[in-house]
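Peer 1: Quick one: the structure is below, and I'll ask about it shortly.
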Amino acid sequence: MNPSVSSLGKDLVGLEDLSGDQIISILDTAEPFKEISERRIKKVPVLRGKTIVNLFFEASTRTRVSFEFAEKRLSADTVNIAASGSSVVKGETLVDTARNLEAMRIDMVVMRHGSSGAARFLAERIPSSVINAGDGQHEHPTQALLDLLTIRDHMGRIEGLRVCIVGDVLHSRVARSNIYGLLKLGAEVAVCGPPTLMPPAIQELGVTAFTRIEEAIEWAGVLNVLRLQLERMHGGFVPSLREYNRIWGVSSQRLAAAPRDVLVLHPGPMNRGVEIDSDVADGPHSVILNQVTNGVAIRMAVLYLLAGGRQESAEAAKQGGEA
Amino acid sequence: MSEKLLLKGGRVLDPSQDLDGVRDILLADGMVAALGEQIDAPEDTRIIDCAGLLVTPGLIDVHVHLREPGGEHKETIASGARAAAAGGFTAVCAMPNTDPAMDDPASVGFVAAEGRRAQAARVYPVGCISVGRSGERLAPVGEMVDAGAVAITDDGSPVTNSLLMRLALEYAQSFGIPVADHPEDLSLSPSGQMNEGLVATRLGLKGKPNAMEDIHILRDIMLAELTGGHLHLQHVSTRFGVESIRQAKSRGVHVTAEASPHHLVLTEDAVDGYRTEAKMNPPLRAQTDVDAVRAGLADGALDIIATDHAPHHYDEKEAAFEDAPNGIVGLETAVGIVLTRVVNEGVIDLATMVERMSCQPARAFGLPGGTLAEGSVGDVSVLDLDAQWTVDAAAFLSKSRNTPFAGWVLQGAPVRTIVGGKTVWEAAREDVREDAT
């Protein structure tokens with residue numbers, strides 16, 4: 001495999017940079033990879049001999065573990081570097097970290113960083129492939145891809161669906177990546193939440209904005225419910241978590257009033273009883289654990305494609321050959 | 001004792017005397033000794049052929065950061081004064097947000113002395129408004145003025161406390177100096193990174209709304225109106241800010257204001273792709289704001305073009321966007337940018353450019369110069385309006401390279417800078433004149 005011929009380009013920084021066809025090709029590539037995780041021996045030699053560094057400047061459990069499983073199930077050699085924001089002087093260290101990693105001749109870096117634009121910054125400075133595992137409030141492309149895959153699994157399509165992203169859109173990289181991905185695949189997209197948590201000029205991206213959750217639920221076929229971080233209350237964006245739940249929380253009563261069955265996603269980790277009620281999270285509308293399962297397949301697909309694999313060869317690759 | 005200079009046959013453009021015509025200028029003893037249509041060279045006179053060149057009163061930049069003391073890896077007073085001269089400026093006003101801050105006569109005197117030692121553009125120190133730039137109590141303004149300060153400011157930070165701003169505007173009247181403010185209501189977006197709007201939303205960067213600047217400009221105007229003091233508003237970037245200043249002037253408020261070259265020609269789009277070389281404060285704004293700043297420059301709502309020259313080491317700008325510092329260098333691109341993208345686009349004429357870059361700065365800050373009248377200081381800028389050149393940051397005399405204009409092709413460049421009757425900088429001929437063909 002040769003990354004210079006990757007159908008995605010060298011890096012995956014964000015979905016804003018991809019075409020609809022490229023996004024569909026990632027989703028289609030993930031399909032055959034789903035099955036690997038269901039085997040008794042969950043390993044294929046697709047990325048044998050590839051070296052991948054998981055560079056996490058911010059705490060992460062779900063995303064980091066998901067990437068690590070994806071890498072290991074494709075037989076890559078992986079190294080994890082966890083640098084907490086407090087122990088690393090940001091910025092300058094990022095340049096030096098990049099140069100040092102490069103000097104060790106690696107193939108890919110999966111990076112999460114607290115600064116928007118950090119993934120692009122790294123990608124522009126090293127020849128290795130860079131996969132953005134979340135940069136500040138900018139993008140989290142693999143999360144949006146796994147959301148898209150989960151929606152497609154359950155609804156059979158993306159095009160023409162009405163998807164509403166609910167909650168703290170202002171601070172959410174998941175929201176931005178979802179908006180780009182959904183729009184490129186032909187969905188109608190809305191956002192809903194307190195106006196204090198809506199980014200300025202968000203409608204100019206081509207989305208509808210609701211300020212009442214009841215309106216959003218009436219409109220939407222799919223809700224993607226974002227986590228409300230506790231510090232937003234301390235920052236004064238919302239007066240209290242109780243009030244947030246009362247006004248914007250996704251509850252079974254509200255879903256029962258919807259004109260149609262609504263699919264409910266959540267990128268995790270959930271605040272039960274704040275943005276989503278437990279009976280919704282654990283109920284028939286929820287596909288939250290399917291998202292987690294799909295996360296591994298999506299990340300395998302991204303790793304495979306960036307390493308130069310072809311979508312049409314993915315089925316053969318997982319049977320044992322290197323792509 | 002010193003050599004005399006005769007600038008022969010240049011197009012002398014001096015709005016202070018309503019003069020635009022081919023003249024000779026004789027400089028002797030640091031002063032303009034004579035200005036006339038045909039001056040014969042006295043003995044010991046070096047004749048400089050200025051035919052085909054524009055000769056103006058020395059350009060003055062009232063807003064530069066020379067970083068010394070404390071930031072000598074970015075710029076020194078000497079390197080900044082040389083960069084100024086290479087940019088066609090004969091004088092600059094050095095902001096006091098150094099480390100330590102210039103808040104006492106000793107530090108002000110140090111900057112003035114280092115400026116003289118540089119033997120390039122004149123360096124006028126600006127002192128702090130408050131001790132330590134902490135925004136709490138008034139710095140020793142009178143002593144700083146005695147040591148050479150020509151204005152006071154806490155630039156880099158706004159004066160948040162309205163009482164302190166009132167006191168400064170009152171107290172400074174004893175010394176006839178302006179109180180310069182960096183207008184920004186920080187509480188509205190303490191960690192804002194760029195202009196608030198679609199680009200910031202797309203990039204996931206915290207925005208700074210125009211209102212941050214507008215609120216503070218209005219407050220400052222009200223305090224200037226209350227006190228009768230001379231308010232100088234720095235780097236105005238918003239449409240409402242420009243309009244507020246225009247209205248204040250029509251009411252007779254003593255306010256002067258700056259426009260920076262970058263706010264005249266760039267919008268927030270320059271930041272897209274997380275370009276840290278376009279990160280500055282106030283941020284690059286929307287096209288409607290750029291249009292308003294240009295209109296304000298034309299009708300005089302904005303009196304002065306000032307660069308806000310803000311050098312940063314490449315290590316500091318080579319960072320994720322929110323970790324990079326604000327500011328760009330401006331001394332060595334200002335003339336070319338203003339000529340190419342403001343004058344040649346018809347926003348202002350050449351005389352207005354000289355007014356905004358020489359006469360008004362001298363008047364507002366009470367500095368020598370801003371005129372070539374006989375008996376005035378011998379500070380002269382000579383520009384070649386036909387020179388075509390490409391901005392090459394590596395060639396800057398500044399120690400820093402942080403410019404969003406790298407690679408821009410510009411028309412019009414300084415060719416000689418004369419301070420006190422002496423040439424302190426001269427373009428290498430191959431730099432400019434051969435490019436012109």
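The values are calculated or read from the model by the stated rules, or taken from the named source; none is laboratory data. Because the structure is a prediction, the values reported are computed rather than measured. In this analysis, Cβ positions are derived from the backbone assuming ideal geometry, glycine residues included, and neighbour counts consider all displayed protein chains. With ligands, DNA and RNA removed, areas are computed over all heavy atoms of the protein, side chains included. Shrake-Rupley method; radii C 1.70, N 1.55, O 1.52, S 1.80 Å.
Peer 1: Give the residues of segment B:146-172 that are without any contact (Cβ under 8 Å) to a residue 60 or more places away in the chain and part of a helix (DSSP H, G or I), sorted by residue number.
Peer 2: B:146, B:163, B:164, B:165, B:167, B:170, B:171, B:172
Peer 1: In addition: What about residue A:268, is it assigned to a loop (DSSP other than H, G, I, E, B), away from chain B (no Cβ under 14 Å) and over 30 Å from residue A:119 (Cβ atoms)?
Peer 2: no
Peer 1: A follow-up question, please. Among what's in segment B:173-205 and is assigned to a loop (DSSP other than H, G, I, E, B) and among the acidic types (Asp, Glu), pick the residue that is nearest to the other protein chains (Cβ to nearest Cβ).
Peer 2: B:196
Peer 1: Please name all residue pairs, on different chains or six or more residues apart, with Cβ atoms under 8 Å, provided the first residue is in segment B:202-219 and is closer than 26 Å to residue B:253 by Cα and the second residue is assigned to a helix (DSSP H, G or I) and of a type in the set (S, T, N, Q).
Peer 2: These pairs meet every condition: B:214/B:244; B:217/B:244; B:218/B:244; B:219/B:162.
Peer 1: Same structure again: Kindly establish whether residue A:202 is at pLDDT 95 or above and within 22 Å of residue A:261 (Cα to Cα).
Peer 2: No: the conditions fail for residue A:202.
Peer 1: Select, from A:97, A:63, the only residue that is farther than 13 Å from residue A:304 by Cβ, of a type in the set (Ser, Thr, Tyr) and free of Cβ contacts under 8 Å to residues at least 60 places away in the same chain.
Peer 2: A:97
Peer 1: Further, regarding this structure: On the basis of being on the phi < 0 side of the Ramachandran plot and in a loop (DSSP other than H, G, I, E, B), does residue A:258 make the cut?
Peer 2: So residue A:258 fits the description; yes.
Peer 1: Same structure again: Looking for whichever is touching a residue at least 60 places away in the same chain (Cβ under 8 Å), surrounded by 21 or more Cβ atoms within 10 Å (Cβ to Cβ), in contact with a His (Cβ under 9 Å, 6 or more places away or on another chain) and not aliphatic (A, V, I, L, M) here; the options are B:330, B:296. Which one fits? Quick ask: steps written out before the conclusion?
Peer 2: Details: B:296 fails: in contact with a His (Cβ under 9 Å, 6 or more places away or on another chain).
Exactly one of B:330, B:296 is touching a residue at least 60 places away in the same chain (Cβ under 8 Å), surrounded by 21 or more Cβ atoms within 10 Å (Cβ to Cβ), in contact with a His (Cβ under 9 Å, 6 or more places away or on another chain) and not aliphatic (A, V, I, L, M), namely B:330.
Peer 1: Give the residues of segment B:82-104 that are crowded, with 21+ Cβ neighbours inside 10 Å and either β-branched (Val, Ile, Thr) or over 19 Å from the mean Cα position of the chain (by Cα) (or both), sorted by residue number.
Peer 2: B:90, B:92, B:98, B:101, B:103
Peer 1: Can you name the residue in segment B:241-274 that is open to solvent by 20 Å² or more (accessible area, probe 1.4 Å) and without any contact (Cβ under 8 Å) to a residue 40 or more places away in the chain and, of all such residues, is nearest to residue B:171 (Cα to Cα)?
Peer 2: Residue satisfying both the conditions and the ranking: B:254.
Peer 1: Are there strands (runs of 3 or more DSSP E) fully within segment B:1-68 with at least 3 residues that are over 24 Å from the mean Cα position of the chain (by Cα)? List them.
Peer 2: Details: elements: B:4-14, B:19-28, B:31-36, B:45-49, B:54-57, B:59-64.
Ranges flagged: B:4-14, B:19-28, B:31-36, B:45-49.
Peer 1: Quick one: would you say residue B:285 is outside any loop (DSSP other than H, G, I, E, B), among the basic types (Lys, Arg) and within 17 Å of residue B:213 (Cβ to Cβ)?
Peer 2: Taking the combined requirement at face value, the residue does not satisfy it.
Peer 1: Right, next: Only one of these conditions is not met by residue B:220: (1) among the charged types (D, E, K, R); (2) within 14 Å of chain A (Cβ to nearest Cβ); (3) touching a Leu at 6+ places or on another chain (Cβ under 8 Å). Which number is it?
Peer 2: The one condition residue B:220 does not meet is (2).
Peer 1: OK, next. Hey, among the residues in segment A:234-246 that are open to solvent by less than 50 Å² (accessible area, probe 1.4 Å) and in a helix (DSSP H, G or I), which one's nearest to residue A:168 (Cα to Cα)?
Peer 2: Looking at residues that are open to solvent by less than 50 Å² (accessible area, probe 1.4 Å) and in a helix (DSSP H, G or I), I get A:244.
Peer 1: Would you mind listing the helices (runs of 4 or more DSSP H) fully within segment A:96-198 where at least 3 residues are within 13 Å of chain B (Cβ to nearest Cβ) and farther than 26 Å from residue A:270 by Cβ?
Peer 2: Per the criteria, A:118-123.
Peer 1: Going through A:132, A:80, A:100 one at a time, which residue ends up being under 27 Å from residue B:312 (Cβ atoms), open to solvent by 10 Å² or more (accessible area, probe 1.4 Å) and at pLDDT 85 or above?
Peer 2: Just one listed residue meets the conditions, A:100.
Peer 1: Need pairs with beta-carbon distance below 6 Å; first residue without any contact (Cβ under 8 Å) to a residue 40 or more places away in the chain and within segment A:188-216, second buried (at least 16 other Cβ atoms within 10 Å of the Cβ) and of a type in the set (Asp, Glu); sequence gap 6+ or separate chains.
Peer 2: Filtered contacts from segment A:188-216: A:200/B:196.
Peer 1: Every residue in segment A:178-216 that is open to solvent by less than 40 Å² (accessible area, probe 1.4 Å) and out of contact with any strand residue (DSSP E or B) (no Cβ under 7 Å at 6 or more places or on another chain), please.
Peer 2: A:180, A:181, A:185, A:186, A:194, A:197, A:199, A:201, A:205
Peer 1: Can you find even one residue in segment A:33-53 that is farther than 21 Å from residue B:320 by Cβ, assigned to a helix (DSSP H, G or I), of a type in the set (A, V, I, L, M) and touching a residue at least 24 places away in the same chain (Cβ under 8 Å)?
Peer 2: Keep residues of segment A:33-53 that are farther than 21 Å from residue B:320 by Cβ, which gives A:33-52.
Then keep just the ones that are assigned to a helix (DSSP H, G or I); that gives A:33-38.
Right, trim to of a type in the set (A, V, I, L, M) and you get A:36.
Still in the running and touching a residue at least 24 places away in the same chain (Cβ under 8 Å): A:36.
Within segment A:33-53, one or more residues are farther than 21 Å from residue B:320 by Cβ, assigned to a helix (DSSP H, G or I), of a type in the set (A, V, I, L, M) and touching a residue at least 24 places away in the same chain (Cβ under 8 Å).
Peer 1: Which count do you get for residues in segment B:303-323 that are part of a loop (DSSP other than H, G, I, E, B) and at pLDDT 95 or above?
Peer 2: Selection size over segment B:303-323: 8.
Peer 1: Identify the residue in segment B:273-299 that is of a type in the set (Gly, Ala, Ser) and under 20 Å from residue A:135 (Cβ atoms) and, among all such residues, is nearest to the other protein chains (Cβ to nearest Cβ). Steps first, please.
Peer 2: Filtering segment B:273-299 for residues of a type in the set (Gly, Ala, Ser) gives B:273, B:278, B:286, B:292, B:295-296, B:298.
Next, from what is left, pick out any that are under 20 Å from residue A:135 (Cβ atoms): B:273, B:278.
Details: B:273: 7, B:278: 13 Å.
Per the stated criteria, the residue is B:273.
Peer 1: Identify all residues within segment B:67-81 that are free of Cβ contacts under 8 Å to residues at least 60 places away in the same chain and surrounded by 24 or more Cβ atoms within 10 Å (Cβ to Cβ); write none if there are none.
Peer 2: Across segment B:67-81, the qualifying residues are B:77, B:81.
Peer 1: Pull up segment B:304-331, narrow it to residues that are farther than 27 Å from residue B:60 by Cβ and of a type in the set (D, E, K, R), then point me to the one that is nearest to the other protein chains (Cβ to nearest Cβ).
Peer 2: B:323
Peer 1: Among the residues in segment B:349-360, are any in contact (Cβ under 8 Å) with a residue 24 or more places away in the chain and either farther than 22 Å from residue B:294 by Cβ or in a loop (DSSP other than H, G, I, E, B) (or both)?
Peer 2: No, segment B:349-360 has no match at all.
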